[in-house]
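Below you'll find the structure, written out as structure tokens, and then a few comments.
The values are calculated or read from the model by the stated rules, or taken from the named source; none is laboratory data. No experiment lies behind these values; they were computed from the predicted model shown. So basically every Cβ, Gly included, is an ideal-geometry build from the backbone, and we count neighbours across all protein chains shown.
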Amino acid sequence: MFTAHDFRAARRGAPTALAIGNFDGVHRGHRHLIDRVRDAARALGGESVALTFDPHPTRVLAPDRASPLVVGLDRKLELLAETGVDATVVQRFDLSFASQSPLEFAEHVVLGLRAREVFVGEDFHFGRNREGNGATLVALGAQLGFRAHVVTPLEEGAIPVSSSRVRRALADGDLGLAKLLLGRDYDLDGLVITGHRRGRTLGFPTANLATECEALPRDGVYAVRVSALGPDGPKDHPAVMNLGSRPTFRAGRSLEAHLLDADMDLYGRTLRVTFAARLRDERRFDGVDALRAQIMADVAAARAALHT
């Protein structure tokens, strides 16, 4: 997949079918829209292009109302590549870009990408003060020579699949619903950093993760699979993840993964943690022995959940 970080750097040689959106999470609803774009590109004999924005427009226009992101930009691009789209344009979103009128957006960005067919969701707004919407884009397309389509959202349980529903499912610890909406198990990437080494003294060494992921699952203990990004390192390795404040030690918030049947040096590596099952809520224990016994039970529960 070709990636450009400004629409001016993505001048296409062939006509395009264009999807426009934030695509946070690249969930099933997003892929439903992108499937339409890929079909249109084939009919055109052209290319399929996804146009997204960084930072998220609400971070610029209404930062006090900005929602936590389901995925960071690197993971978003990886997931967009998996949809089979030919190119992705990451447009820097700032006050200057936001000040364009809807007509200027259509003339500069849409026509600049040689779009013949444009696809957006029902909640799409664009242009200065969010003046434009899907109907505006349809009218501008008729004026400027492209066809715009407002795609009815994919539904699950008679409710649209959306990034906000994914966030709520994660906040509730409902991994099953999150998976249903995303079309895949939820995952996060994190850098292994030095921790307090308490897990090692308990007999359960952990990899402590620093992550830029924002829409995290509800605090608790999870069965997960861990892979090191890049060459070497574990791949799809079963583990137990604790996400929370470590109340027994009052040690502050952390994400800690204990890899089953493995004790390896992962400091400085970036791990992808894929969540498979929620095992229990985080809670405080009366002492180290009680905590150790519970961790042993968590390991057994994780083995059962992961079939290992």
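Would you confirm, using the coordinates I've provided, whether residue 210 is surrounded by fewer than 17 Cβ atoms within 10 Å (Cβ to Cβ), within 30 Å of residue 24 (Cβ to Cβ) and modelled with pLDDT under 95? Before you say what the answer is, go through the steps one by one.
On the way: surrounded by fewer than 17 Cβ atoms within 10 Å (Cβ to Cβ): yes; within 30 Å of residue 24 (Cβ to Cβ): yes; modelled with pLDDT under 95: yes.
In short, yes.
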Do we have any residue at all in region 45-56 that's surrounded by fewer than 15 Cβ atoms within 10 Å (Cβ to Cβ), among the polar types (S, T, N, Q) and touching a helix residue (DSSP H, G or I) at 6+ places or on another chain (Cβ under 7 Å)?
no
List, please: which pairs have Cβ atoms under 6 Å, are six or more places apart or on different chains, and start with a residue in region 172-196 that is part of a loop (DSSP other than H, G, I, E, B) and end with one that is charged (D, E, K, R) and at pLDDT 95 or above?
173/218; 173/278; 183/28; 185/179
For region 1-87, give me every one of the strands (runs of 3 or more DSSP E) that falls completely inside it and has 3 or more residues that are in contact (Cβ under 8 Å) with a residue 60 or more places away in the chain.
2-4, 16-20
Could you tell me whether any residue of region 276-289 is in contact with a strand residue (DSSP E or B) (Cβ under 9 Å, 6 or more places away or on another chain), surrounded by fewer than 18 Cβ atoms within 10 Å (Cβ to Cβ), part of a strand (DSSP E or B) and modelled with pLDDT of 85 or more?
yes
Please work out which residue is nearest to residue 124 (Cα to Cα), limiting yourself to region 93-107 and to residues that are surrounded by fewer than 17 Cβ atoms within 10 Å (Cβ to Cβ) and among the small types (Gly, Ala, Ser).
101
If we keep only residues of region 88-105 that are touching a strand residue (DSSP E or B) at 6+ places or on another chain (Cβ under 8 Å) and not in a loop (DSSP other than H, G, I, E, B), then the residue nearest to residue 31 (Cα to Cα) is 88
Which residues, counting only those in region 109-138, are at negative phi and either part of a loop (DSSP other than H, G, I, E, B) or exposed (fewer than 15 other Cβ atoms within 10 Å of the Cβ) (or both)?
111, 112, 113, 122, 123, 124, 128, 131, 135
Could you tell me whether region 13-28 includes any residue that is under 13 Å from the mean Cα position of the chain (by Cα) and of a type in the set (Phe, Trp, Tyr)?
yes
Would it be correct to say that residue 166 is in the same structural domain as residue 43 (by TED's automatic domain parsing) and assigned to a helix (DSSP H, G or I)?
no
Identify, from the list 24, 74, the residue that is loosely packed, with under 15 Cβ neighbours inside 10 Å and either charged (D, E, K, R) or in the same structural domain as residue 215 (by TED's automatic domain parsing) (or both).
74
